[in-house]
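This report refers to the structure that appears directly beneath it.
Every read-out reported here was derived from the displayed coordinates using simple, explicitly stated rules and does not represent laboratory data. Predicted, not measured: the structure shown is a model, and the values here were computed from it. Glycine gets a Cβ as well: all are built from the backbone with ideal geometry, and neighbour counts include every protein chain shown.
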Amino acid sequence: MPAVRNNPLKPRCRWIARELMPAAMAGPIQRPLHRSMLIAMLLLASCAGPVAFGLQMPKPQKHESRREIDQLEETWRNAVLKANTAAMDGLLADDYMAITASGTLQTKDQALESLRSGRMHLTTLDISDRKVRFYGTTALVTSLAEVQGTTGDGDVSGSYRYTRVYVRGATGAWKIVSFEVSKIIRDPGEHNEHK
């Protein structure tokens, strides 16, 4: 685990470490884990947060990972628009699972076949409002997509919100493991604030 420059513990956690832990450990050693020691350890662990468990990425690594995810998102966008199944195959994990806008589950093989056959054909895919969050070796991407095109279910033109989950594998490569999309239903008089 990388060294942390500042003490990552919050002030109340430092108090727990300074005051409760020594008091809890002052009891007889031969006794089983004593309740106050157990409580002090649980409190300390709960407020140590993501740094203590290696879930917080150092800033340079987070910046580089964000750049990688942005590039992968653009690769995904281009693969969809150009029906590039080879590029899509490289992006999706073998156990990839999607939930489509109609609520059906879609495996990697089904997604690739839909792209290959032309069953899914998008002519416009404009992405905005992208947010990327990291949780260890997992990246969660949410975005707004303005879409024009068709699928086997008919015209799918409209506005969508999606969530895509990437996981960094043992080789260091990011793979898409999950995707979920929901169509935004607007009232006829409502304005789109993202355009």
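Points worth noting:
- Computed lengthening from D153 to K59, 0.36 nm per intervening residue step minus Cα-Cα distance: 29.5 nm
- Point-to-point label distance, A87-R66, nm (Cα→Cβ direction, 7 Å offset): 2.4
- Considering only Cα atoms, the convex hull volume of the stretch 59-183 works out to 95 Å³ per residue.
- Efficiency of FRET from Cβ geometry, T138 and S117, R₀ 25 Å, rounded to 0.05: 0.20
- Charge dipole of the stretch 59-183 (Cα centre as origin; +1 on each Lys and Arg Cβ, -1 on each Asp and Glu Cβ, all else neutral): 440 debye, rounded to the nearest 20.
- Take the Cβ atoms of N78 and D187, set R0 to 30 Å, and the FRET efficiency comes out at 0.35.
- Cross-link pairs beyond the 18 Å C-alpha cut-off, checked among K108/K183; K62/K108; K62/K131: K108/K183; K62/K108
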